[in-house]
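Have a look at the structure below, then the notes.
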Amino acid sequence: MPSIQIYIGQNEDIPEKFHEQFFALRQLCDEEWNGFLPPSLDYYRNFWIIPREKGSAKMKAIAVNEKNLVVGFGYIIWNTMYENLDKSWFRLYVTPKERRKGVGSRILKEMIRALPNEIKKVGADAPKHSPGEHFLQKFKEKHSYEEIIIIVDLEEAVLKDVEQEAKKQRELALSKGYRIVRVDDGDYKFHFDEEEFVKIVEQVWNDMPRENLTEEDMNITVERHQAIIERNKKAGQEYISFVAVHDDTEKPVGYSTFTINKYQPSIAWQDDTGIVPEHRGNGLGLAVKYQSLLTLLKETKARYWRTSSAQSNKYMHRINEILGHKIWQSEPVYEFERRIVEDLLS
Ligand SMILES: CC(C)(COP(=O)(O)OP(=O)(O)OC[C@H]1O[C@@H](n2cnc3c(N)ncnc32)[C@H](O)[C@@H]1OP(=O)(O)O)[C@@H](O)C(=O)NCCC(=O)NCCS
């Protein structure tokens, strides 16, 4: 084990002289993890100063060697309000040259040691078959959940065909009694009763397959939903949503949102897509996503559209297949008992 010093805590506990190295490592981690161009360094500089939303806590750590080089980092997040109060999620990164020397284990050990006592579970994900997954398998053989990452190369889409299909899908939805409304910047309250809209967001989030994760349902209030969106906007995220509205009741019944970060304009990140169960089977999921595809082609500089869904979510995979998405990678999620990880690291 090389001689390593760990700095751990909140922003003020990480000496300023290491910040730029830390941002560069965060960028490297994203590039290695996702396999495409990460956001510019300004994204990480800006992200550093954005406060977390109410009810969410985070601890950060960096590992510095004897030459004052930052060779690894970690962070761990958990809820202090709402639900899942016994759970935490971590990420670790160690520069490739310094791996297999115990640095990752050391960062994790110190972060877990500093967690509040109420936290009984720790979880993390990693790209399948990567060093990260092998590291996690040290604590448990089998993952609890698997997220499939899917990508579409927007240069392969033919604008004329997409225009036609988006129009056809919109008309089909209309014929079944639904109209599709575009919402920019997450400004849902301009178009809908916000309580109503957030109720469907809550339903969509809680309805996503969790496979073997022990997650509790989320309790999404208007205030919490706004706080999440505001924070993402501060991080550079621009939102465009298409919402399906039921004509008879005038209520939103589903939506699809994508975001583009101003620090990473070539990648569109698909956010949620969901239709509430009573209104499924009407082609609305495909209809809202087609409007997104058309908008991406006509109004953005994005080259890739990155989306993901649970390995078990067959309907979403079918929609994504129609839209030309190809499987990019898979990211298993591991959930551990805290005491088992503590024992194995001690
Ligand atoms: C995950 C990561 C942080 C591990 O850092 P590290 O400093 O190499 O980890 P350690 O040296 O403490 O490894 C501890 C043990 O994990 C297992 N392990 C780690 N990497 C492994 C690999 N590539 N293959 C097989 N086992 C591995 C081994 O059991 C290892 O002990 P050993 O070297 O004595 O056999 C590093 O691989 C990384 O940065 N990966 C990219 C980011 C990532 O995927 N993070 C996922 C976790 S959130």
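Every read-out reported here was derived from the displayed coordinates using simple, explicitly stated rules and does not represent laboratory data. Everything quoted here is computed from the prediction, not taken from an experiment. Cβ placement follows ideal geometry from the backbone for every residue including glycine, while neighbour counts extend to all protein chains displayed.
Couple of notes before you dig in:
- Think of each Lys and Arg Cβ as +1 and each Asp and Glu Cβ as -1; about the Cα centre, that makes the dipole of the chain roughly 1040 debye.
- For the range 220-262, GluC sites (Glu not before Pro) meeting the loop criterion (DSSP other than H, G, I, E, B) and having at most 12 other Cβ atoms within 10 Å: E250.
- Remark: the Cα gyration tensor places the range 149-332 in the rounded category, a/c being less than 1.5.
- Rg/Rh ratio calculated on Cα atoms of the range 4-119 (Kirkwood radius): 0.96
- For I200, I322, order by how many other beta-carbon atoms lie within 10 Å, fewest first: I322, I200
- As a length-normalised measure over Cα pairs under 8 Å and 6 or more apart, the relative contact order of the chain settles at 23 percent.
- Summed side-chain charge close to Q311 - residues other than Q311 whose Cβ falls under 9 Å, Lys, Arg +1, Asp, Glu -1: -3
- The trypsin sites (Lys or Arg not before Pro) of the range 263-314 that meet both conditions, a loop assignment by DSSP and at most 12 other Cβ atoms within 10 Å of the site Cβ, are K301.
- Dipole magnitude for the range 149-332: about 640 debye, using +1 per Lys or Arg Cβ and -1 per Asp or Glu Cβ, origin at the Cα centre.
- Ordering G9, N219, S309 by the projection of their Cα atoms onto the charge dipole of the chain, which places +1 on the Cβ of Lys and Arg and -1 on the Cβ of Asp and Glu, puts G9 at the extreme positive end.
- The antiparallel fraction among DSSP beta bridges confined to the range 149-332 stands at about 90%.
- Taking all Cα pairs closer than 8 Å and separated by 6 or more residues, the relative contact order of the range 4-119 comes to 26 percent.
- Shape metrics for the chain, restricted to C-alpha atoms - Rg then Dmax, Å: 21.2, 68
- The range 4-119 - charge dipole about Cα centre, Lys and Arg +1 at Cβ, Asp and Glu -1, debye rounded to 20: 380 debye
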